[in-house]
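Asks: Next up is a structure, given as structure tokens.
The values are calculated or read from the model by the stated rules, or taken from the named source; none is laboratory data. Everything quoted here is computed from the prediction, not taken from an experiment. Because the Cβ atoms are built from the backbone with ideal geometry, glycine has one as well, and the counts that use them run over all protein chains shown. To get the accessible areas, we keep the full protein, side chains included, count just its heavy atoms, and leave off ligands, DNA and RNA. Shrake-Rupley method; radii C 1.70, N 1.55, O 1.52, S 1.80 Å.
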Amino acid sequence: VVVKSEGCSIVATSNGFALGNLANKSWAEYSVKVVQAGKYSYELNASSDVTGTKLNMYLVDANGTEQSLGMVKVPNTGTKDTYQAKTGNVKESLNEGLYTLRIVGGGGNCNIHNIKFTCTEPVSGISDVLVDDAADAPAYNLMGGNV
């Protein structure tokens, strides 16, 4: 659900609805939740009837700090009703939390049918260390080797 937008609209497609008419400096914002910290990839379906279209994606936290997710070049698909999948990797790792996803148009006019983010490298690590008084128990390093 679009929270706020300027210079773009929701348009009907054969598969439902899309963010439409995203032109230079127009934008839309969505509320999103990152449920797992880590590195992410994205896949979006976009269309454009002109050459030179691009869009930028950002995450904005509760303090207004903006993190760039990357720039996507949208190809000329011939019509705004013909969508093409674009994939890529988010520049930096994302932290868990509630954010605003901001999409900003650049260049020509395009439509975005959907965007999917997938965690490709979850952040993991040691969360707790327990001390055991069993001095005679075997000890192992992080590689599994006996020490």
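Asks: Peptides 101-107, 114-120: what's the order by average Cβ count within 10 Å, highest mean first? Spell out each step's value before the answer.
Replies: Values: 101-107: 19.9, 114-120: 14.7.
Order by mean packing, descending: 101-107, 114-120.
Asks: Expressed as a whole percentage, what fraction of the accessible surface of region 1-120 belongs to carbon and sulfur atoms when a 1.4 Å probe is rolled over the protein heavy atoms? Walk me through the intermediate numbers first.
Replies: Working: 3020 of 6480 Å².
Result for region 1-120: 47 percent of the exposed heavy-atom area is carbon or sulfur.
Asks: On a full-extension model of 0.36 nm per residue, what is the gain between Ser5 and Met71, subtracting their alpha-carbon distance, rounded to one decimal in nm? Intermediate results must be reported in sequence, preceding the final value.
Replies: Values: separation 66, 0.36 × 66 = 23.76 nm, distance 1.86 nm.
Contour length minus Cα-Cα distance gives 21.9 nm.
Asks: Give the label of the value calculated from the structure for Rg and Dmax of the Cα atoms in Å, choosing from (i) 15.0, 45; (ii) 14.3, 47; (iii) 21.1, 72.
Replies: After the calculation, the listed value that fits is (iii).
Asks: Quick check for me: using +1 on Lys/Arg Cβ and -1 on Asp/Glu Cβ, what's the dipole size of the chain about its Cα centre, in debye to the nearest 20?
Replies: 980
Asks: Given the pairs Lys54/Lys80; Lys25/Lys80; Lys4/Lys86, which span a C-alpha to C-alpha distance of over 22 angstrom in this model?
Replies: On the way: Lys54/Lys80 14 Å; Lys25/Lys80 18 Å; Lys4/Lys86 24 Å.
The pairs that break the limit, which is 22 Å between Cα atoms, are Lys4/Lys86.
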